[in-house]
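Here is the structure we will look at, set down as structure tokens.
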Amino acid sequence: MPVPLLDLHAQHALIRDDVVKAMLRVVDEQQFILGKSVADLERAVCELSRTRFAIGCASGTDAILLALRALDVGPGDEVITTPFTFFATAGTIHNVGATPVFADIEPGTFNLDPRHAAAVRTNKTKAVIPVDLFGQMAAIERFTDALPGVPIIEDAAQSIGACRRIGDASVMAGENATIGTFSFFPTKNLGGYGDGGMLVTQDEVLNTRLRRLRVHGGATEYHHDEVGYNSRLDTLQAAVLLAKLPHLAGWSAARRSHAARYDEAFADVPEIQTPVLEEASESIFNQYTIRSERRDSLQSHLKSAGIGSKVYYPLSLHLQPCFAYLGYREGSCPESELASKQVLSLPIYPELRPEQQDETIAAIRSFFGR
């Protein structure tokens, strides 16, 4: 049977009536720009992330861009980040005029290694952007220790609702960073019906500036303290997200259940490395990503069986042609480069049926002669 990598139709069928009602309320209210649903969603995300402030914006990419601008990152500055993530993380650093500085990843979690980040710090370092890759939070507290005094932008595009323990405390994605950024791209665990993003912070001064930057740099209409952006979260998208938000915890729990089932099914397949989770982490599994030296052949095998899979990410950012001016070469970030040759993400969406997962497991086990 066909098994898609992601099935948004299955999710929509379960929540369609609630979403349509929410969207129709916005249509009736005729407040399409920064309407009531935006403020309601901002309050809800504050509660979820345990932060004082949340600021809706047009996309997850814009969220990082606005965060950098709010921290006065610009020409002559350096920002440390991971080469093993989606392009937007490094692209926004370039677009504010700063220089991306890549440090290698931890081979197990795929997240930026704080020790490597500390090793590339210079007197030009203005911020660090760790990414919560595939739904597992980066160890923000380790970056605080490794890079004292450096603001932390937590790229939590893939991890809304994830948490990790620090001692006896539980910390939510975005909670401990200088600024946390979320994406509501449709494929995310909490995805809209278009683009959207959110920033969170505990800092009142940053909150004020971020709200100004998202509306052309003006706190009041037609009065501009600085040049900002047109980056407002659409009210219709906010309404969709509010209708979906009550389901997020259940969806994340279903993903964790699917992940545990995969872990068990592949435990006796030495050719596969299943995701490595830090003991302190509770991932939301935006992706379930395995490693195999035979990745390309395995993916071809799955495709022939009608089973979806995807490589996140096939070329590390430090080797992208657009960043050739930075001078990185193969071997600069060996763990990232090796991961790009081995990783493969499998279907793990909440609505994945047991028989679909059985089909996926059977196809993979048969490929390895199990």
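Cα gyration tensor of region 140-212, axes a ≥ b ≥ c as square roots of the eigenvalues: rounded (a/c below 1.5), prolate (a/b > b/c) or oblate? Write down the numbers at each step before the final one.
Numbers: a/c = 2.27, a/b = 1.31, b/c = 1.73.
Taking the square roots of the gyration eigenvalues as a ≥ b ≥ c, region 140-212 is oblate.
Restricting to lysines 8 or more places apart or on different chains, can you count the pairs in the chain with Cα atoms under 19 Å from each other? Intermediate values should be presented prior to the final figure.
Details: K21/K36; K21/K244; K36/K244; K188/K244; K188/K310; K303/K341; K310/K341.
Taking the chain as the scope, the lysine pair count is 7.
Could you tell me whether region 136-262 comes out rounded, prolate or oblate from its Cα gyration tensor? Rule is a ≥ b ≥ c as square roots of the eigenvalues, rounded for a/c under 1.5, then prolate if a/b exceeds b/c, otherwise oblate. Display every interim value, and only then the final one.
Values: a/c = 2.80, a/b = 1.27, b/c = 2.21.
Taking the square roots of the gyration eigenvalues as a ≥ b ≥ c, region 136-262 is oblate.
Centroid-to-centroid, using Cα positions, region 1-66 and region 283-359 are 27 Å apart.
Between amide H atoms placed 1.01 Å from N, distances below 5 Å from V101 occur with V79, I80, T81, all of them 5 or more places distant or on a separate chain.
For the chain, what is the mean residue ellipticity at 222 nm derived from helices alone (per DSSP H run of n ≥ 4: -39500 (n - 2.57); sum divided by total residues; nearest 500 deg cm²/dmol)? All intermediate terms of the calculation are to be shown ahead of the outcome.
Working: 12 runs with 139 residues, N = 370.
That calculation yields -11500 deg cm²/dmol at 222 nm.
Largest mean-square fluctuation among A157, A63, A22, in a Gaussian network model of the chain whose springs join Cα atoms under 10 Å apart, belongs to A22. When the alpha carbon gyration tensor of region 244-370 is reduced to an equivalent ellipsoid, its three semi-axes come out at 27, 20, 14 angstrom, largest first.
Taking every full run of DSSP H in the chain, the ones that stretch at least 18 Å from end to end by Cα along their long axis and average -1.0 or higher on the Kyte-Doolittle scale are 8-29, 36-49, 248-265, 354-367.
Read-outs throughout are calculated quantities, based only on the coordinates presented, and are distinct from any laboratory measurement. These numbers come from a predicted model, not from an experiment.
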